[in-house]
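Here the structure comes first, spelled out in structure tokens, and everything after it is commentary.
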Amino acid sequence: MSVSHPSVHPVEVAPPADDRVTVPPRLRMKVIQGMPGTIGGLGLRFFQFAYAVVSVVVMATTSDFPSVTAFCYLVAAVGLQSVWSLSLAILDIHALLVGRTLQNYRVVCLFSIGDGVTSTLTFAAACASAGITVLIGNDLGLCSQNHCTQFETATAMAFLSWSTALPSFLLNFWSLSSR
């Protein structure tokens, strides 16, 4: 295969007029509401935390949730979600008070991985708990002996926590891929 290659001839470049070296401007990530360090991001973190805490509290008020593995998994997953969301909400508040954005590549990568892991765990736990509540309520008809309304409420709050965690993950992941 014969392909022609261009010839490159060196060209003399005139020295700069002054002795200062010009540094090209650094590229910054686009700031989109919902990303870390923004008001939208703080709002998403607040709702993630609030829904997760309500889910844990409602599930913990029942006496028989430890007997079902899916409910224990739900408590563990939304407990992790609440701790993650609270810590990132504190970072968002700090960034907003100081007036800085959290658009560092490594920071956004860490947030993206953490959001992906916690949202996946929360979604899986909510799905497992929903399956058990349907089994107890509809298939077995044992709602009179169990706390079906509390189980359903905790599961619904876990789904709401996941539905607010997913946009955080997607925005962070999108900003990493569009860098």
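Among the residues examined, residue 23 does not qualify as more than 27 Å from residue 118 (Cα to Cα), at pLDDT 65 or above and either among the charged types (D, E, K, R) or out of contact with any His (no Cβ under 8 Å at 6 or more places or on another chain) (or both).
Looking at the range 116-124, can you tell me whether even one residue there is in a helix (DSSP H, G or I) and touching an Asp or Glu at 6+ places or on another chain (Cβ under 8 Å)? Before the answer, list the steps.
Going through the range 116-124, the residues in a helix (DSSP H, G or I) turn out to be 116-124.
Of the ones still in play, those that are also touching an Asp or Glu at 6+ places or on another chain (Cβ under 8 Å) are none.
No, the range 116-124 has no match at all.
Please find, within the range 89-102, the residue that is surrounded by the most Cβ atoms within 10 Å (Cβ to Cβ) out of those that are free of Cβ contacts under 8 Å to residues at least 60 places away in the same chain and touching a helix residue (DSSP H, G or I) at 6+ places or on another chain (Cβ under 8 Å). Within the range 89-102, the match that is surrounded by the most Cβ atoms within 10 Å (Cβ to Cβ) is 92.
Within the range 66-87, residues that are buried (at least 16 other Cβ atoms within 10 Å of the Cβ) reach partners that are basic (Lys, Arg) with beta carbons closer than 6 Å, at six or more positions or on different chains, in the pairs 85/45. Among the numbered conditions (1) surrounded by 15 or more Cβ atoms within 10 Å (Cβ to Cβ); (2) out of contact with any Leu (no Cβ under 7 Å at 6 or more places or on another chain); (3) in contact (Cβ under 8 Å) with a residue 12 or more places away in the chain, the only one that residue 105 does not meet is (1).
The values are calculated or read from the model by the stated rules, or taken from the named source; none is laboratory data. Because the structure is a prediction, the values reported are computed rather than measured. Please note: Cβ atoms are built from the backbone with ideal geometry, for glycine as well, and neighbour counts cover all protein chains shown.
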